[in-house]
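Heads up: the structure comes next, in structure tokens.
The values are calculated or read from the model by the stated rules, or taken from the named source; none is laboratory data. Being a predicted model, the structure only gives us computed values, none of them experimental. Backbone-built Cβ (ideal geometry, glycine too); neighbour counts: all protein chains shown.
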Amino acid sequence: MSAEPKAAVLPGVRLGRVSFVWRPWLVAVTLLLAAATFLLFCLSIGIGDFPIGLPQVIATIFGHGEPVDEFVIMDLRLPRALAGLVVGVALGVSGAITQSIARNPLASPDVLGITSGAGAVAVFLVTVSGGTATAIVDSVGLSAAALGGGLGTGLLVYFLAWRRGLDGFRLILIGISVTAVMEAITTWLLATADIRDVARAQAWLVGSLDDRGWDEVRTALWCTLALLAVVSCVAFQFKPLHFGDEVAAGLGVRYARVRAVMLLCAVLLAGAAVSAAGPVPFVALVAPQVALRLTRCPTPPLAASGLVGALLLIGADLVARTALPVGLPVGVVTAAVGGPFLVHLLVRANVR
Amino acid sequence: MVAQDITRVKSAVAQVARLTAEDVTVGYGGRTVIDGLDVTVPPGVITTIIGPNGCGKSTLLRTLSRLLKPTRGTVLLDGDDIVRLRTRDVAKKLGLLPQTPVAPEGLTVADLVARGRHPHQSWLRQWSSDDDAVVARALAMTGVSDLADRPVDTLSGGQRQRVWISMTLAQGTDLLLLDEPTTYLDLAHAIDVLDLVDDLHEAGCTVVMVLHDLNLATRYSDNLVVMKEGAILAQGHPRDVITTELLHEAFGLRAMVIDDPVGDRPLIVPIGRTQVQPNYRGKSGS
């Protein structure tokens with residue numbers, strides 16, 4: 001860091017050709033969130049019918065564990081914890097992007113039809129047995145088909161909302177309408193379907209981390225990592241979009257292209273999350289808003305939103321597994337925990 | 001011979017002019033708003049576009065700033081076709097302030113003005129000492145240095161507009177395009193913002209703006225562009241352009257034009273249907 005001769009407008013960090021604005025609070029909060037996420041991640045692995053201490057968990061993850069611990073952790077518990085981490089990060093970042101694009105805290109992948117589209121397709125394939133449906137499930141798998149449904153719905157909303165530019169309010173209204181249609185289709189399918197199929201389909205309508213193995217997790221993990229790499233490359237060009245299209249254009253940003261790339265990333269991130277855990281409600285909506293208030297940023301911070309999403313999801317899964325009677329899926333708990341916390345932050349802001 | 005002279009004069013003007021629209025046709029969807037318009041923005045002066053609602057003022061400004069791509073004709077920025085320039089290079093030469101921009105809630109003045117450095121930054125180089133110096137200068141030029149740590153949404157309308165102008169200055173441009181910079185401001189704040197614009201003009205900036213208030217446009221600009229139905233009706237110094245006939249033709253307004261007692265420009269006194277002395281009632285403007 002170079003010393004400034006006079007007081008700088010914004011304090012900067014300069015290391016050779018790399019330079020950025022130094023925001024100690026944002027960095028501190030993000031690091032704390034990362035530490036807390038790691039701790040909760042390890043805790044979630046350690047807690048179970050066969051309790052394992054935190055040091056052993058950490059040692060095993062980094063490859064220095066006892067063989068007994070290694071089997072329990074690597075084969076049984078890590079996939080589930082990793083699924084929680086990946087899904088939480090993906091949903092948090094996806095929510096931060098959609099809220100930034102719509103310039104509205106109501107926008108989230110849930111509202112934009114991605115989760116309801118995936119649910120409708122999954123339920124359709126489960127309940128309508130017969131030629132095409134069975135063929136699709138056999139060839140690409142139910143998860144991939146649901147993912148396709150989610151992406152298709154997300155893109156449909158985007159194109160319907162497009163009219164000489166993208167208006168955030170219009171995007172949300174069309175998203176809500178399309179979501180309602182998808183949910184109506186789902187309800188209709190469930191009402192007319194065979195009772196045994198309904199039970200199978202139900203798993204697709206409430207998000208859950210139960211019985212996640214390496215296969216589900218691996219795909220979601222690599223997809224999420226690849227998408228996060230794209231997002232962090234485009235993030236710099238994305239910043240001026242917080243001021244609206246015209247100001248962004250005036251600042252030399254090809255806003256339509258940047259926004260399309262970012263929205264596609266958000267849709268794909270939400271899709272990856274849905275394919276790994278089903279539709280987990282509320283994380284994408286609440287995580288960016290919590291992150292924004294913790295970091296005191298005017299716009300949803302991407303990294304912190306992802307970490308808050310992960311904390312929320314892993315924490316909710318831990319609560320669902322340990323503190324509550326059996327059988328409660330994580331999706332129920334995220335809403336029950338996230339909702340009051342956001343209300344708390346909003347009320348506290350009003351008082352101040 | 002004469003033709004040659006004209007060509008020579010034309011190219012001289014093109015070299016000097018910062019922005020030139022040549023035979024520009026532009027519209028939204030299928031609707032043409034401006035058809036075959038030519039206009040030149042002379043350097044170092046304040047050019048103000050005036051005209052009745054819906055005549056294409058903002059459309060022209062948006063076309064000059066490259067927000068809209070003309071369906072025919074070209075816009076030249078310092079002699080280069082603006083459509084062929086990189087978006088970033090345009091942003092380094094030309095600062096644009098759209099109508100009533102909105103900043104995210106809680107964003108500080110310093111952060112907003114700092115965003116003006118975007119065209120000069122890259123993923124790795126997001127905040128150099130140059131950036132800091134230019135932003136400090138932009139804040140000082142617009143008189144908002146003391147507000148640097150305040151959230152933009154807590155400022156008055158006039159202060160907010162100063163901050164946005166500061167952001168366009170931070171782009172390092174000396175060519176500013178302002179779309180109705182005084183909208184929603186009371187008269188005192190409007191005068192304050194326009195005094196600032198004039199300060200910037202004195203400091204060497206070329207300014208193009210759209211204004212609704214004719215008297216403010218007359219007082220603060222050296223070059224008026226009067227538009228009607230997508231075409232230019234008149235252009236030149238306010239003293240030459242503003243006449244009762246022109247006001248009637250452009251706006252359908254009955255008005256008297258008198259000498260401005262505090263300035264050296266004409267002053268427009270509108271004559272409405274009511275609240276006027278009997279000898280003006282019902283007469284035509286002259």
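Values for this structure:
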| quantity | calculated |
| --- | --- |
| Unique match (being over 27 Å from the mean Cα position of the chain (by Cα) and away from chain B (no Cβ under 13 Å)) among A:8, A:36, A:59 | A:59 |
| Test: residue B:164 is modelled with pLDDT of 95 or more and within 25 Å of residue B:90 (Cβ to Cβ) | yes |
| Members of segment A:47-72 that are part of a helix (DSSP H, G or I) and either in contact (Cβ under 8 Å) with a residue 12 or more places away in the chain or more than 22 Å from residue A:209 (Cα to Cα) (or both) | A:54, A:55, A:56, A:57, A:58, A:59, A:60, A:61, A:67, A:68, A:69, A:72 |
| Some residue of segment A:189-196 being modelled with pLDDT under 90, polar (S, T, N, Q) and within 16 Å of the chain's Cα centre (by Cα) | no |
| Odd one out for residue A:225 among (1) within 13 Å of chain B (Cβ to nearest Cβ); (2) more than 22 Å from residue B:104 (Cα to Cα) | (1) |
| Test: residue in segment B:229-240 that is part of a loop (DSSP other than H, G, I, E, B) and without any contact (Cβ under 8 Å) to a residue 40 or more places away in the chain | yes |
| Among residues of segment A:240-256, those that are surrounded by fewer than 19 Cβ atoms within 10 Å (Cβ to Cβ) and modelled with pLDDT of 90 or more, counted | 1 |
| Pairs, first among the hydroxyl-bearing types (Ser, Thr, Tyr) in segment A:95-119, second outside any helix (DSSP H, G or I), C-beta under 7 Å, six or more apart | A:98/A:107; A:98/A:108; A:98/A:109; A:98/A:112; A:100/A:299; A:100/A:300; A:115/A:109; A:115/A:279 |
| Residue among A:298, A:281, A:325, A:340 that is surrounded by 18 or more Cβ atoms within 10 Å (Cβ to Cβ) and farther than 27 Å from residue A:220 by Cα | A:298 |
| Count of segment B:70-110 residues which are under 16 Å from the mean Cα position of the chain (by Cα) and basic (Lys, Arg) | 1 |
| So residue A:270, is it crowded, with 24+ Cβ neighbours inside 10 Å, assigned to a helix (DSSP H, G or I) and at negative phi | yes |
| Matching residues, segment B:23-62, being within 13 Å of another protein chain (Cβ to nearest Cβ), out of contact with any Asp or Glu (no Cβ under 9 Å at 6 or more places or on another chain) and closer than 17 Å to residue B:206 by Cβ | none |
| Of all residues in segment B:81-90 being among the charged types (D, E, K, R) and in a helix (DSSP H, G or I), the one that is surrounded by the fewest Cβ atoms within 10 Å (Cβ to Cβ) | B:89 |
| Failed criterion for residue A:233 (all others in (1) within 30 Å of residue B:63 (Cα to Cα); (2) part of a helix (DSSP H, G or I) hold) | (1) |
| Per-region count, segment B:64-90, residues facing another protein chain (nearest Cβ under 8 Å) and under 17 Å from residue B:208 (Cβ atoms) | 4 |
| Index of the failed condition, residue B:93 passing every other in (1) within 9 Å of chain A (Cβ to nearest Cβ); (2) surrounded by 16 or more Cβ atoms within 10 Å (Cβ to Cβ) | (1) |
| Residue in segment B:154-161 that is within 9 Å of chain A (Cβ to nearest Cβ) and buried (at least 17 other Cβ atoms within 10 Å of the Cβ) present | no |
| Segment A:126-160: number of residues that are aliphatic (A, V, I, L, M) and at pLDDT 85 or above | 5 |
| Residues satisfying the stated conditions in segment B:103-139, i.e. assigned to a helix (DSSP H, G or I), touching a residue at least 24 places away in the same chain (Cβ under 8 Å) and at the interface with another protein chain (Cβ under 7 Å from one of its Cβ atoms) | B:110, B:114, B:115, B:118, B:119, B:135, B:139 |
| Tally of residues being hydrophobic (A, V, I, L, M, F, W, C), free of Cβ contacts under 8 Å to residues at least 40 places away in the same chain and farther than 30 Å from residue B:154 by Cα across segment A:286-327 | 6 |
| Some residue of segment B:30-40 being among the small types (Gly, Ala, Ser), outside any loop (DSSP other than H, G, I, E, B) and modelled with pLDDT of 90 or more | yes |
| All positions within segment A:152-169 that are in a helix (DSSP H, G or I), more than 14 Å from chain B (Cβ to nearest Cβ) and under 23 Å from the mean Cα position of the chain (by Cα) | A:152, A:153, A:154, A:155, A:156, A:157, A:158, A:159, A:161 |
| Positions within segment B:140-195 being of a type in the set (S, T, N, Q) and free of Cβ contacts under 8 Å to residues at least 12 places away in the same chain, in sequence order | B:145, B:154 |
| Condition check for residue A:261: within 13 Å of chain B (Cβ to nearest Cβ), of a type outside the set (S, T, N, Q) and over 16 Å from the mean Cα position of the chain (by Cα) | no |
| Which listed residue is under 20 Å from the mean Cα position of the chain (by Cα), outside any helix (DSSP H, G or I) and away from chain A (no Cβ under 13 Å), from B:185, B:176, B:194 | B:185 |
| Any pair with Cβ under 6 angstrom, 6 or more apart, that starts in segment A:16-33 at a residue that is more than 8 Å from every other protein chain (Cβ to nearest Cβ) and ends at one that is in a helix (DSSP H, G or I) | A:26/A:295; A:29/A:294; A:29/A:295; A:30/A:303; A:30/A:304; A:33/A:304; A:33/A:307 |
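Listed here are the residues, each with its yes/no results for (1) β-branched (Val, Ile, Thr); (2) modelled with pLDDT under 95; (3) over 23 Å from residue A:253 (Cβ atoms); (4) buried (at least 22 other Cβ atoms within 10 Å of the Cβ).
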| residue | (1), (2), (3), (4) |
| --- | --- |
| B:117 | no, no, no, yes |
| B:123 | no, yes, no, no |
| B:126 | no, yes, no, no |
| B:178 | no, no, no, yes |
| B:185 | no, yes, yes, no |
| B:192 | no, yes, yes, no |
| B:195 | no, no, yes, no |
| B:211 | no, no, yes, yes |
